[in-house]
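Heads up: the structure comes next, in structure tokens.
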Amino acid sequence: MKTFTTELNTQGIFTVSIDVPDETMNVFNQQIADDFNELATEIEQNSDIKAVIFVSGKETGFIAGADIKMLQKVETVMDGSAISLNAHAMLNKIANSRKPHIAAIDGVCLGVGYELALACHYRIATDNRSTKIGLPEVMIGVLPGGMGNSKLPRLISLPSALDMLLTGKQLDAKRALRIGMIDEVVSPKILQKVAEFTAERLVKNGIPERKLPLKDKVLTLPFIKDFVINKARQQVLKKTHGLYPAPLAILDVVQQGLNKPLDEALEIEAVKFGELTVSPQAKQLIKLYFATTTLKKERFIDGDSQPKTVEKLGILGGGLMGAGIATVSIEKANASVRLKDIRDEGLLSAYNYVNKFYQQRIKRRILSPEQAKKKMNQLTSSLDYTGFGQCDLIIEAVFEDTDLKHQMVDDIESLGNEDTVFASNTSSIPITEIAEKAERPENILGMHYFSPVEKMPLLEIIKHESTSEQALATAVDFGRKQGKTVIVVNDGAGFYVNRILAPYLNAALELGMKGVAFDKIDKALVNFGFPVGPIKLLDEVGLDVGSKIQPILETAFGERMESIGVQQTLLDNKRLGKKVSKGFYRYDDPKKSKEIDPTIYDDLNIRDSIDLPEKEIVELCVYRMLNEAALCLDDKIIYSVRDGDIGAIFGIGFPPFLGGPFSYMDTLGISYVVDKLKEMEKEHGIKYTPAPSLVAMAEKEQSFYEEE
């Protein structure tokens, strides 16, 4: 067998080691399925085999999930359902066996990997930090089709099962044990011994019948179950606006199948799985999965320069961005962080920010107080540059002032460490401008984080003409260690993310000034699929931040980026947004936080009121973003349409199920997009003039992802 090696000891314990060839991690594919069917026959027919233990032959983990390429090839509901039914048939051979089967898990155990463990009679996992347990199928637009959707709510409490199924979250072993997804947690050193001891015990005493505790059993009673699931459905619809079918299908499978015999529930699961595999949302999310997987391997350099390991990180500025960068650098990259601010209050604020993060980790029992304290000890601070000469990478996160950034570059270079990479977290100032007076411009680049840093997944790294390959490689490597999805862009006004965001925000403000209610604008874009509307986003980011970026874009791109000039009025009225509790929305009463502050209309002298259809609101805002994305590609700001799609999704929340701006234009058809832009250009002016490349593509009937 190509994917399994086996060993039978003198006690009749049959250890099956899973090792898929030519893969860095075990993934469930057709070869595993074929080998397992052969193996299952041997297990049942060989009387010397008393019990079975599944382990991984790879250090990288147990099974990371299914080979997603199988789903990518699905063309019909029947084909999709067949994948689920075949998985059921295979895993039922484990679940229905009279011989105990034990899953011995070390490392990632996700998707069908956990479904295999779920089919076993006992599950042991290690306390290794790399051990992650979960069912993340919802993240690619499908449901756990290998019995997971039907069996997990029968194993653990209904609310816990729904939480796992609907969020796709991944738990460490201790948290998985707490909710009942596994039965035991051990050190990796004794995993095999404990598994063998457990196997011998189960052979001697028999396989115990599992029963939910009474308090959890009550939640599965028909009326109570329906109440819980309907509440969950309300939350899903509130969050997704019905744009993602997978969470709703997950709820349907649980609601329809939980009180039925398991075989009937599995039939429902297979049908829903098949339907989801051919949905356009799943097709785009699977495509996005492959794009991000490929992106993780991208080096972004032509030569063979190797990244420098960042053990000591320096951060200049103790504000929200600096504190957020410090947090992910300590928690994810395990770096020692030296933080500088000009005031003791700034240092204290940053310290409290990081400490609050770790107090939450303690509260959620992810870390012990001792572990959290050890992490906090990795943060030191100073009012001067003491200790910064030993830093491998220094990130400045101060306010947008070119002279100040020049001074910081000069200060760092004067410390004499010629290998220190200097990165600016600027969101508006071109990196070329920051590096123009530097002695070592090759060490300078941009690392543009998004707020809040711990939650926003994107890191936009900006290189200018003189940035060295080693500096770039170092920044990319460290960004990934921080847990970020990294894209590299060339220097230019607004870089990529802010450049496509600005015309979208400007269009929303223009509609508001014409009399379209601000909350209606937001509602239209949220219903389209954005996590928040453009007006709410302005409040969240801060009007003062946007006011710094806008003039730079106007200077660079002229009338296309010209704003309607309301920013200064908002600043004069101190409407900076959420940070000062005064913006477009109300902050005086938490119960009314979703309401627009009515005084905004007086401040902006808006007297008219017009009612536009949601579709028109969406088109007027989104098509400006789509067009600017194409212009960024033309200007070689981004390397590829893949990077453009990922940057828009992870940076500004472009609807993932639409695949990003370029995928969405392909779905609409380039000719349709161009015709729509020309139509809007006639009515609204050159801000909607289609990019020349789009016009050329429409004439040639081309698409961005032609190879597909």
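Worth a mention:
- Across the stretch 455-608, Cα pairs under 8 Å and at least six residues apart give a relative contact order of 18 percent.
- Accessible area per residue, Å², the stretch 571-648 with all protein chains present, probe 1.4 Å: 50 Å²
- Probing with 1.4 Å while keeping every protein chain in the model, the per residue accessible area of the stretch 224-290 equals 45 Å².
- Over the stretch 396-534, equivalent-ellipsoid semi-axes from the Cα gyration tensor in Å: 34, 17, 12
- Calculated FRET efficiency for the pair residue 402/residue 193, C-beta based, R₀ 60 Å, to 0.05: 0.45
- Extension gain, residue 59 to residue 580: 0.36 nm times the residue separation minus the Cα-Cα distance gives 182.5 nm.
- Global form of the stretch 483-605, assessed from the alpha-carbon gyration tensor, a/c cut-off 1.5: prolate
- Rounded to the nearest 500, the 222 nm mean residue ellipticity of the chain from helices alone is -15500 deg cm²/dmol, with -39,500 (n - 2.57) taken per DSSP H run of at least 4 residues.
- Each principal axis of the Cα cloud of the chain was taken in turn, and the coordinate range along them, longest first, works out to 81, 60, 54 Å.
- A protection proxy built from the mean count of other Cβ atoms within 10 Å ranks the segments 102-113, 415-426, most packed first, as 102-113, 415-426.
- ³J(HN,Hα) computed for each position of the stretch 301-314 - Karplus, 6.51 cos²θ - 1.76 cosθ + 1.60, integer Hz, glycine/proline x: 10, 8, x, 10, 4, 9, x, 7, 5, 8, 9, 10, 10, x
- Using the Cβ-Cβ distance between residue 701 and residue 678 with R0 set to 22 Å, the FRET efficiency from 1/(1 + (r/R0)^6) comes to roughly 0.85.
- Surface composition of the stretch 391-469: carbon and sulfur make up 44 percent of the accessible area, probe 1.4 Å.
- Rg over Rh [alpha-carbon atoms, Kirkwood Rh] for the stretch 300-358: 1.11
- Note on residue 582: lysines with a C-alpha under 17 Å away, same-chain residues under 8 apart excluded, are 536, 574, 591, 592, 594.
- Of the complete DSSP H runs in the chain, those spanning 27 angstrom or more by Cα along the long axis with a mean Kyte-Doolittle score not below -1.0 are 344-363, 614-634.
- Fraction of accessible area attributable to carbon and sulfur, the stretch 606-668 (%, probe 1.4 Å): 55 percent
- Sequence-distant residues sharing a close amide H with residue 122 (under 5 Å, placed H): 101, 103
- In this Cβ point-charge picture (+1 for Lys and Arg, -1 for Asp and Glu), the chain has a dipole of about 3380 debye about its Cα centre.
- Percent carbon-and-sulfur accessible area, the stretch 60-150, ignoring ligands, DNA and RNA, probe 1.4 Å: 56 percent
- Under 22 Å from residue 2, Cα to Cα: lysines that are on another chain or at least 8 residues apart: 58, 69, 93
- Inter-label distance for residue 568 and residue 226, nm, one decimal - labels placed 7 Å from Cα along Cα-to-Cβ: 6.3 nm
- Under the criterion of Cα pairs below 8 Å and six or more residues apart, the relative contact order for the chain equals 9 percent.
- Dipole in debye (nearest 20) - the stretch 110-241, about Cα centre, beta carbon charges: Lys, Arg +1; Asp, Glu -1: 360 debye
- Between residue 311 and 392, the built amide H atoms are under 5 Å apart, and every one of these is 5 or more places off in sequence or on another chain.
- Label-to-label distance, residue 178 versus residue 49, with points set 7 angstrom from Cα along the beta-carbon direction: 3.7 nm.
- Partner lysines for residue 676 [C-alpha distance under 24 Å; skip if fewer than 8 residues away on the same chain]: 514, 520, 523, 615, 687, 700
- Relative contact order for the stretch 1-136, counting Cα pairs under 8 Å that sit 6 or more residues apart, in percent: 24 percent
- A simple spin-label model places the labels of residue 235 and residue 451 2.9 nm from each other, with each point 7 Å out along Cα-to-Cβ.
The values are calculated or read from the model by the stated rules, or taken from the named source; none is laboratory data. This one's a predicted model, so the numbers in the text were calculated from it and none came from an experiment. Neighbour counts run over all protein chains shown; Cβ positions are idealised from the backbone, glycine included. With ligands, DNA and RNA removed, areas are computed over all heavy atoms of the protein, side chains included. Shrake-Rupley method; radii C 1.70, N 1.55, O 1.52, S 1.80 Å.
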